[in-house]
1. State the number of residues belonging to region 41-54 that are under 16 Å from Lys20 (Cα atoms), of a type in the set (Val, Ile, Thr) and in contact (Cβ under 8 Å) with a residue 12 or more places away in the chain.
2. Specify the residue that is nearest to Lys21 (Cα to Cα); the eligible residues are those in region 55-77 that are modelled with pLDDT of 80 or more and exposed (fewer than 10 other Cβ atoms within 10 Å of the Cβ).
3. So which of Leu23, Leu29 ends up being at pLDDT below 95, farther than 20 Å from Asp55 by Cα and aliphatic (A, V, I, L, M)?
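The values are calculated or read from the model by the stated rules, or taken from the named source; none is laboratory data. Just so we're clear, the structure is a prediction, and the values are computed from it rather than from any experiment. Note: ideal-geometry Cβ built from the backbone for every residue, glycine included; neighbour counts use all protein chains shown.
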Amino acid sequence: MKWHNNIIYNCKKATFLIDKKNLEGISPLQRIELRLHLAGCSVCRLYYSQSRRIDQMLRGFYPTRIKPENGLDEAFKKGLQENIAKEIKKSGA
């Protein structure tokens, strides 16, 4: 399987890249992979469009983002990590 087949037939990876692009940006290679997938997948194009609209609306409600220096407190991070670990164990991954 060639590298481009990995994204062309992988909606899960495409939606991950869409969300990552909205939050923090993606690499040039990831941008190409996403474009390849979106060229042939109408469902992911719809998801991309809706995701962008939702992101724009949220930015209107919350114009300032959490800055790294303000970050999350350590107790919240620890609780989040524990919940993630529990869910991973439940799924058997």
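1. 0
2. Glu74
3. Just one listed residue meets the conditions, Leu29.
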